[in-house]
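None of the figures in this text is laboratory data; all of them are computed from the coordinates on show. All of these numbers come straight from a predicted model, not from anything done at the bench. So basically every Cβ, Gly included, is an ideal-geometry build from the backbone, and we count neighbours across all protein chains shown.
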Amino acid sequence: MIKAIKGMKDILPEEIPQWRRIEQAARDVFESYLYREIRTPVLEPTELFSRSIGNATDIVEKEMYTFEDSHQSVSMRPENTAGVVRALIEARLYEARGPQRYYYVGPMFRRERPQKGRFRQFHQIGIEAFGDPGPYVDAEIIQMTCRFFRELGIHGYEVRVNSLGCHTCRPAYVEKLKMAIYLIEGSLCEDCRRRRETNPLRVLDCKNCQEQLSGLPLITENLCLPCLEHFDGFRAHLQQFSIPYVLAPRLVRGLDYYTRTAFEFASVSGALGSQNSLLGGGRYDGLVKNLGGPEVVGIGFALGIERLILALTGPPAEPTPVAYVAHLEMEGFRKAVELAEKLRDQGVAVAVANPLKQLKAQFKEADRIGATTVYVIGPDEIRDGVVKVKDMTTGEQRVVPENDIVPSFSE
RNA sequence: GUGAGCGUAGCUCAAUCUGGCAGAGCGCCGGACUGUGGAUCCGGUUGUUGGGGGUUCAAUUCCCCUCGCUCACCCCA
């Protein structure tokens, strides 16, 4: 049997209503904040990702699906900020009047070992806002996400915020941090000692060594003045919007391009297994320029649809009502097909049994597909010019003149 | 990339520890009911025990290899 590739899943019809609900809520909410949809290719030049996400990150180093295509290295997108920024530059969207706010929905690819809430093909909904340097946008994005979550009835989460500094203050802080780690290195786990060089900020987040780490300097205490003002402004706006949040000075994003504001919506319900990040994002003020565009600042986030579904509670959507046309003998079958087409003209979903199927079997089938109404047409009905109509929930059946069959059956 | 657990009927799982005819429930098909579903009863159907090799008179069971799935680490949405 040919099976789907590891970490890639079919989304079966049963699950589709949930996906549509999430996507629709996102479109409605984001568009109410003047975000517009953008669709970019799944395949991009590998260089786009190595230059934006960062060459030394796990994503670029070992998780991308990369191959040669006519002497060019191309990769399937592991995230979509880089693609949107490329489009912004390529189409000179930054020159347009009005807000440059975009959202996207689509599959992303990372070649990791799959586990709960993590797949090799997964789906993200994300937004990017360009050209606005002030902290108000940062807070507005959080507000917008809270509205989106509220719309979906998701509650078991917390908002975590941090500032990662900028090109002025971060390098100095990283050096300071490295030095501090060096001093306590002996008490740290193997991973942390490795991370001191590869990704010092990550050390702060280590689950094994929290006790030893309490004395390390925090980025929030080492911000330059502009970064500090931005961070304070951001938090003041959150308070103004009455959004509860947790200060997470150890929150680090895994992508190199982030500056200043970084945030995360984390599930606190345990529904995501060991993954708890529902959504992550932040500001990336240097990225557009880095990729060859003008000095345009940006901020954005992405959320994982599969993870959102895990966090979703509540009853599944009700199935849409359907009708079934049962029949006897070829004569009845012909009439049944006609009736079914008339009902479809009225917008009703209708199934017709194969010709000459036993009536009993037809009713069984009607029951199985969840038909709310069954119409019966046989020689007797044709002779009398009527159709029998059975309500499958109550079991009641009545005789209706053929010409009166409008979509009057109960929903 | 590393570690652990699990692969038995369409589905959920027994039997594996202690080797001895591969089972149950659900589903499906049919009948009781020849023009009426769901409930009940009766009957029937369902297998490369993931694959390969080894030990043994005998392997679903024990051993080795391999593939797959799941969870966790790493990292992230």
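How far is it, in nm, from the label point at A:Arg193 to the one at A:Ala56 when both lie 7 Å from their Cα along the line to the Cβ?
Placing both labels 7 Å along Cα→Cβ, they lie 1.9 nm apart.
If we count every other residue with Cβ under 9 angstrom of A:Asn55's Cβ, Lys/Arg +1 and Asp/Glu -1, where does the sum land?
Net charge around A:Asn55: -1.
What residue among A:Val399, A:Pro78, A:Tyr103 has its Cα farthest toward the positive end of the dipole of chain A, where the charges are +1 on Lys, Arg and -1 on Asp, Glu, each on the Cβ?
Farthest towards the positive pole: A:Pro78.
Set Lys and Arg Cβ to +1 and Asp and Glu Cβ to -1, take the dipole of the stretch A:322-404 about its Cα centre, and tell me which of A:Ala361, A:Tyr375, A:Gly332 lies farthest positive.
It is A:Ala361.
Computed FRET efficiency, Cβ-Cβ of A:Leu225 and A:Thr320, R0 51 Å: what is it to the nearest 0.05?
With R0 = 51 Å, the Cβ-Cβ based efficiency is 0.30.
Find the centroid of the Cα atoms in the stretch A:138-168 and in the stretch A:242-271, then give the distance between the two in whole Å.
Measuring centre to centre over Cα atoms gives 8 Å.
Let me have the 222 nm mean residue ellipticity of chain A computed from DSSP H runs of 4+ only, each contributing -39500 (n - 2.57), with the sum over all residues rounded to the nearest 500.
About -10500 deg cm²/dmol.
Please state the charge dipole magnitude for chain A, taken about the Cα centre, from unit charges on C-beta atoms (+1 on K and R, -1 on D and E), reported in debye and rounded to the nearest 20.
960 debye
Find how many whole Å separate the alpha carbon centroid of the stretch A:213-229 from the alpha carbon centroid of the stretch A:329-368.
Measuring centre to centre over Cα atoms gives 71 Å.
Treat every Asp and Glu Cβ in the stretch A:322-404 as -1 and every Lys and Arg Cβ as +1, leave all other atoms uncharged, and give the resulting dipole magnitude about the Cα centre to the nearest 20 debye.
In total the dipole reaches around 280 debye.
Kindly state, to the nearest 0.05, the FRET efficiency for A:Arg27 paired with A:Tyr136, given R0 = 22 Å and r defined as their beta-carbon distance. Numbers along the way, then the final one.
Values: r = 23 Å, r/R0 = 1.06.
Computed FRET efficiency for A:Arg27 and A:Tyr136 comes out at 0.40.
When the Kirkwood radius is taken over all Cα pairs of the stretch A:143-247, what Stokes-Einstein diffusion coefficient follows at 10 °C and 1.306 mPa s, in µm²/s?
Taking Rh from Cα pairs, D becomes 101 µm²/s.
Can you flag which of A:Lys3/A:Lys207; A:Lys176/A:Lys207; A:Lys6/A:Lys207; A:Lys62/A:Lys207; A:Lys3/A:Lys62; A:Lys6/A:Lys176 are past 31 Å Cα-Cα?
Going by Cα-Cα distance, A:Lys3/A:Lys207; A:Lys6/A:Lys176 fall outside the 31 Å limit.
log₁₀ I(q)/I(0) of chain A at q = 0.12, 0.13, 0.14 Å⁻¹, via Debye over equal Cα point scatterers, no solvent, to two decimals?
Log10 I(q)/I(0), no solvent term: -0.98, -1.09, -1.22.
In whole Å, what are the Cα extents of the stretch A:1-58 along the three principal axes, biggest one first?
Answer, in whole Å and largest first: 47, 38, 19 Å.
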